[in-house]
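Remarks on the structure that follows.
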Amino acid sequence: MNPYSILAMRKAFELVKKRQKENIHKIPDLQERLMRLRKVREESVGNSQLMEKTVENLEDSGFNVVFAKEEEDAMEVILKEVEGEDIVVKSKSNVSKEIKLTERLESLGINVVETDIGDRLIQLLKEEPSHPTAPAAHLSLEQIIRELKERFNVELSSADDVVRFLLKDIKKSIELANVGITGANAISSEGSVLILHNEGNIFEILRRQKKWIILSGIDKLYPTLDDALNAIRIQTFFATGQVVPSFIEIVSGISKTVDIEKKLFKGVHNPKEITLILLDNKRSYLMNNGFREMFYCISCGNCVIHCPAHNTFGEEYKGGRLALFSALYGSKSNLKLCLSCRRCKENCPLGLDIAGMVSRVREGSEISNLVYSHLKWLVRNIYLETLTLYLS
Ligand code: SF4
Ligand code: SF4
C-alpha cells in the first residue's frame, strides 16, 4: 500500500472514531450489552447442542443447510448451485474471501459481481480490502477517479459520480443474475439468519435472485434473536460509529403461503431456494487447541482501526483480528510487524486478547520481533508524518 493510501486510510479511520465518540451516549446501556454479548459468545461458540437445535429449526423453515468441513466441500456445494450460470452477484462475506470464492468461480468463466459499493470498487481496481466493513478506506477520491479513468475511460469528478458509475454496473448485474451469494452476520437458534447492510443491496438480492446461497462460519450462532440483534447493534457501532444500520434483514425461511385450502406452497416470491453453508475449515480444531476466544469475534474491525502497525504498514500488516486470522490460515511472516502494544485488546468491545494470540503464533524470539517491529514502525512513521506535514 503506498503512503498516500495509508494517509487516506488513517483519515477514514479517524472519522469512524469521531462518530463513535459523538454517538456513544445514544447507547446508555452499552456496558451491559457488551457483558451480555461476551457471555453469550462464550456459551455459544462451539456449542454442538445449540448447533443441532439451530439446524433443525432452519430446516423446518425451508433452509437447505449444509455442513462443509473444508473449503473444497463448500466449493462443491456452490459449484452445484451455480451450474449453468455465467454471472452471480455477491455481497460482503468474509467466508467467501476465506475460500477465495471469486477467484475460483472466475477461473471457471463465471463473472462474480460484488454488490457493495466499496467491495465493487476494490474488485474493479484490483485492490486489497483495508478493513472488514470499510474495504476501500485506503483509497482517496482523487485516486479512485484517476484509476477508474485509466481503466474504464470515464470522466468522473465527484464521489456522487463514482457511486452512480458503480451502481449502474451493479444494478445491471443484479437484474441479470439468478444466484446471489452473501455472508451472514448472525444466526439465531430459533431459525433466523440476520444480515445487516446500509446500501440496500442485500434487499435487492433477496428480492430478485431465485437462488440465495449464504456462506457462514460455524461460529455465528446465537441462542435467541434478541442476542443476535444485540451483537449486530454492537458490531454496527464499533464498525461505523452508527447506532443502527440502515437495514437488518431477518430471514426465517423461504416465502410460503397456505392461502389455498390450507395447503402449503413454498417459494411464492424470490428467493425460492436458500442454501446455508456452515463452514468449519479448521474452526473446530482451533477452538479446541487454544484459539477458542478468537471465534467470539463479531468482525467489527475496531481492533484494525486502532492498530498502529496497520495504520503504518497498511496491507503489509492487516492489523488486529485480520492479522491473526490470516496467520492462522496462511503465512505467519508478517506477524513480526506486530508491536505487542495491546491496543487491539483495549479497543475490542469483547476484550479479546488478539495481541496475546499473535505473540503465541508468531515465530522467532519475542525480543527480536519487538526490536524489528518498533524500529521499522519508527522509521516508517517519521516518513509518514513528514509527508503529512508536506501535504498540509
Ligand atoms: S498488539 Fe499488534 S495487532 Fe494489536 S494493536 Fe498492537 S500492533 Fe496491532
Ligand atoms: S477482535 Fe474484537 S475488535 Fe477485533 S473485529 Fe473482533 S470483536 Fe471487533
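Okay, here's what the table says:
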{"quantity": "P(r), alpha carbons of the range 35-146 - 5 Å bins starting at zero, rounded %", "calculated": "2, 9, 15, 15, 16, 16, 12, 9, 4, 2, 0"}
{"quantity": "Stretchable slack from residue 141 to residue 260, in nm (0.36 nm times residue separation minus alpha-carbon distance)", "calculated": "37.4 nm"}
{"quantity": "Acute angle (nearest 10 degrees) that the helix 3-23 long axis makes with the longest principal axis of the chain, alpha-carbon atoms", "calculated": "70 degrees"}
{"quantity": "Using θ = phi - 60° and Karplus 6.51 cos²θ - 1.76 cosθ + 1.60, couplings along the range 324-334 (whole Hz; Gly, Pro as x)", "calculated": "5, 4, 4, 5, 5, 10, x, 8, 9, 4, 7"}
{"quantity": "Relative contact order, percent, the chain [alpha-carbon distance under 8 Å, six or more residues apart]", "calculated": "20 percent"}
{"quantity": "Among 178, 381, 311, residue whose mean-square fluctuation peaks in a GNM of the chain (springs only between Cα atoms under 10 Å)", "calculated": "381"}
{"quantity": "Radius of gyration, Dmax [the range 240-350; alpha carbons; angstrom]", "calculated": "20.7, 67"}
{"quantity": "At most 16 other Cβ within 10 Å, DSSP loop - GluC sites (Glu not before Pro), the range 152-220", "calculated": "155"}
{"quantity": "Estimated FRET transfer efficiency when R0 is 56 angstrom, pair residue 158-residue 56 (beta carbons, to 0.05)", "calculated": "0.65"}
{"quantity": "Length released on extending from residue 26 to residue 385, taking residue separation times 0.36 nm less the Cα-Cα span", "calculated": "125.8 nm"}
{"quantity": "Choice from 353, 219, 169 showing the highest fluctuation, given a GNM over the chain with Cα pairs closer than 10 Å", "calculated": "169"}
{"quantity": "Placed amide H near residue 256: partners under 5 Å, 5+ positions off or other chain", "calculated": "267, 268"}
{"quantity": "Amide H contacts of residue 190 (H built 1.01 Å from N, under 5 Å, at least 5 apart or other chain)", "calculated": "225"}
{"quantity": "Residue 15-residue 332 pseudo-label distance in nm [points 7 Å out on the Cα-to-Cβ vector]", "calculated": "3.8 nm"}
{"quantity": "Rounded D (µm²/s) - the range 301-391, Kirkwood Rh over Cα pairs, Stokes-Einstein at 4 °C, 1.567 mPa s", "calculated": "98 µm²/s"}
{"quantity": "Residue-averaged 222 nm ellipticity for the chain, from DSSP H runs of 4+ at -39500 (n - 2.57), nearest 500", "calculated": "-15000 deg cm²/dmol"}
{"quantity": "Qualifying trypsin sites (Lys or Arg not before Pro) in the range 324-384, DSSP loop, other Cβ atoms within 10 Å at most 16", "calculated": "332, 342"}
{"quantity": "Of the GluC sites (Glu not before Pro) in the range 259-353, those whose Cβ has at most 16 other Cβ within 10 Å and which sit in DSSP loop", "calculated": "261"}
{"quantity": "Partnerless Cys - the chain, beta-carbon criterion under 4.7 Å", "calculated": "297, 300, 307, 338, 341, 348"}
{"quantity": "Under the Karplus curve 6.51 cos²θ - 1.76 cosθ + 1.60, θ = phi - 60°, whole-Hz ³J(HN,Hα) for the range 55-61, x wherever Gly or Pro sits", "calculated": "4, 4, 5, 5, 5, 4, 8"}
{"quantity": "DSSP beta bridges in the chain [antiparallel fraction, %, rounded to 5]", "calculated": "30 percent"}
{"quantity": "Interchain or long-range residues, amide H under 5 Å from residue 65's placed H", "calculated": "276"}
{"quantity": "Kirkwood Rh and Cα Rg combined as Rg/Rh, the chain", "calculated": "0.97"}
{"quantity": "Whole-Hz couplings from phi, Karplus 6.51/-1.76/1.60, listed for the range 42-48; x for Gly and Pro", "calculated": "4, 7, 8, 5, x, 7, 5"}
{"quantity": "On Cα atoms only, tilt of 141-152 relative to the major axis of the chain in degrees", "calculated": "60 degrees"}
{"quantity": "R0 of 51 Å, Cβ-Cβ distance residue 42-residue 76: FRET efficiency to nearest 0.05", "calculated": "0.95"}
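Coordinate-derived values only; no laboratory data. Note that the structure is a prediction, hence the values are computed from the model and not measured. Cβ sites come from the backbone with ideal geometry, for glycine too, and all protein chains shown count toward neighbours.
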